[in-house]
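Right, one structure below, let's go through it.
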């Protein structure tokens with residue numbers, strides 16, 4: 001399959017993740033048309049801002065499937081079986097892209113039949129600003145070229161990698177859920193700035209740009225994060241004092257325990 005053939009996407013579910021992906025994908029020009037369906041008409045109203053970019057909405061899931069080359073299943077995990085029952089007769093040989101956390105390829109195929117083409121994907125909300133990260137796991141019915149076509153869609157809004165499904169729960173914790181952890185850190189840093197006299201707007205800019213720049217340093221220099229950390233820590237300086245306090249408070253351990261909790265939840269949902 002030519003990557004260009006996936007030019008029409010259907011989204012079933014109009015929640016926050018679907019909104020982030022639609023905004024990023026249509027802004028990138030990766031597709032020519034998107035149809036978003038949701039039983040709740042209120043959720044669909046915000047997608048109207050993309051109407052001039054080829055985005056249509058419907059309360060009929062079958063309409064979203066019929067109008068698409070591939071379908072993104074963006075509903076809550078507990079709703080997945082009901083939606084699959086509803087669309088399986090109109091899906092045909094189209095690729096189903098599931099972003100439902102914890103829902104395995106096997107369970108989806110059990111509903112759709114053993115010939116179904118399914119790609120399980122865990123994206124994240126920074127796709128909305130073209131800086132997303134997505135992990136893809138296709139089933140055996142998806143050809144290499146079809147997997148590449150799906151991967152290209154998610155690369156249009158950031159980065160994407162194909163991994164074995166056994167890593168999906170860990171990936172969920174490391175990039176799917178982790179923006180929430182980072183937002184908490186940015187907010188806490190900014191609150192401290194306010195404590196020392198900065199406005200919240202000023203403090204948020206300083207904190208967010210520091211996180212953005214630090215991440216870019218990791219990605220572009222190839223240096224290990226511990227080396228980059230050491231480069232900031234001058235002997236007897238301010239930074240090492242802060243680092244030692246974070247270590248004393250269990251900063252790394254808290255993050256690792258949070259990730260463990262996220263992985264456990266993802267596994268239980270499956």
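Touching a strand residue (DSSP E or B) at 6+ places or on another chain (Cβ under 8 Å), crowded, with 16+ Cβ neighbours inside 10 Å and under 19 Å from residue 121 (Cβ atoms): is that true of residue 56 in this structure? No; evaluated as a whole, the condition is false for this residue. Pairs linking a residue in the stretch 170-189 that is at positive phi to a residue that is surrounded by 20 or more Cβ atoms within 10 Å (Cβ to Cβ) and part of a helix (DSSP H, G or I), with Cβ atoms under 7 Å and 6 or more positions apart or on different chains, do not occur.
What number of residues within the stretch 87-110 satisfy the criterion of being exposed (fewer than 15 other Cβ atoms within 10 Å of the Cβ) and in contact with a helix residue (DSSP H, G or I) (Cβ under 8 Å, 6 or more places away or on another chain)? Spell out how you get there, then give the answer.
So the first thing to find is which residues in the stretch 87-110 are exposed (fewer than 15 other Cβ atoms within 10 Å of the Cβ), and the list is 89-90, 92-93, 106, 110.
Next, only the ones that are in contact with a helix residue (DSSP H, G or I) (Cβ under 8 Å, 6 or more places away or on another chain) stay: 90.
The number of residues fulfilling the criteria is 1.
Determine whether residue 208 is within 24 Å of the chain's Cα centre (by Cα) and outside the structural domain of residue 159 (by TED's automatic domain parsing). It is true that residue 208 is within 24 Å of the chain's Cα centre (by Cα) and outside the structural domain of residue 159 (by TED's automatic domain parsing). The lone criterion from (1) surrounded by 14 or more Cβ atoms within 10 Å (Cβ to Cβ); (2) out of contact with any strand residue (DSSP E or B) (no Cβ under 7 Å at 6 or more places or on another chain); (3) on the phi > 0 side of the Ramachandran plot left unmet by residue 158 is number (2).
The strands (runs of 3 or more DSSP E) found wholly in the stretch 33-149 and carrying at least 2 residues that are modelled with pLDDT of 95 or more and within 24 Å of residue 180 (Cβ to Cβ) occupy 70-73, 95-98, 118-122, 132-138.
The values are calculated or read from the model by the stated rules, or taken from the named source; none is laboratory data. A quick note: this is a predicted structure, and the numbers were derived from the prediction, not measured. Counting neighbours? That spans all protein chains shown, and the Cβs are built from the backbone with ideal geometry, glycine included.
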